[in-house]
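Report on the following structure.
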Amino acid sequence: MNTVHYSKVRMIIMFVGVCLFVVLGAWANARLEGRAAFAGFILMCLGAITFPIFARYMLIGAKVLEFDSTIVTFHGLLGSKTVRWDRVTSIDIYTVTVNWFSKTRHLRIHGPFGIMGYASISEKMLTSEHRPLEKLIAAISEAHARPARQAPRREESAIIPASPMPREAGFGRKGI
């Protein structure tokens, strides 16, 4: 089983940033009035929502993806999902450009991983051994190409039931 991890150092830096959001939001909510206090409340709420996500990733060792020749397991923000490779439709790299110069690349594994229909892994958060994403795709395709050891299957004869007599066409209600 191959395992892909997010960088623990980057996770800790983002966690410290979230903690600063909470502290800044609490300060703004307590000291300021009007819109600034409301913005502080929003920052506190965002910090409170994202804290369990960082805690989850740190508790599972910052694992984001596990794969072998038969299955792939994606550890997402809210839970983990294991899918057989035959249910995965494609793997591609998606680039998001912000302000015409900042680019973020994500590996997308299309399959029944959740509501969005794909698993997304950020290149910036990966450990150095899995960057760039082309290197990770090569490792995935190499592991997926290896045949899995399976028990030999015995042939089963299929019994096809006889089809019912077709209904005669004519006037009247259809399908009855």
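Restricting attention to the range 83-101, the residues being open to solvent by 40 Å² or more (accessible area, probe 1.4 Å) and assigned to a strand (DSSP E or B) number 10. Can you find, within the range 40-75, the residue that is nearest to residue 124 (Cα to Cα) among those that are without any contact (Cβ under 8 Å) to a residue 24 or more places away in the chain and surrounded by 15 or more Cβ atoms within 10 Å (Cβ to Cβ)? Going through the qualifying residues, I end up with 75. Pairing residues of the range 1-24 that are over 20 Å from residue 127 (Cβ atoms) and in contact (Cβ under 8 Å) with a residue 24 or more places away in the chain with residues that are open to solvent by 60 Å² or more (accessible area, probe 1.4 Å) and assigned to a loop (DSSP other than H, G, I, E, B), at Cβ distances under 9 Å and at least 6 apart in sequence or on separate chains, gives no pairs at all. Scanning the range 107-137 for residues that are under 14 Å from the mean Cα position of the chain (by Cα), open to solvent by less than 40 Å² (accessible area, probe 1.4 Å) and closer than 23 Å to residue 58 by Cα yields 107, 109, 113, 119, 121, 122, 123, 125, 126. Scanning the range 75-132 for residues that are polar (S, T, N, Q) and closer than 18 Å to residue 4 by Cα returns 80, 82, 120, 122, 127, 128. Residue count for the range 16-71, restricted to those that are in a helix (DSSP H, G or I) and over 20 Å from the mean Cα position of the chain (by Cα): 30.
The values are calculated or read from the model by the stated rules, or taken from the named source; none is laboratory data. On a predicted model such as this, the values are computed, not experimentally measured, just so you know. Note: ideal-geometry Cβ built from the backbone for every residue, glycine included; neighbour counts use all protein chains shown. Heads up: the accessible areas ignore ligands, DNA and RNA and are worked out on the full protein's heavy atoms, side chains in. Shrake-Rupley method; radii C 1.70, N 1.55, O 1.52, S 1.80 Å.
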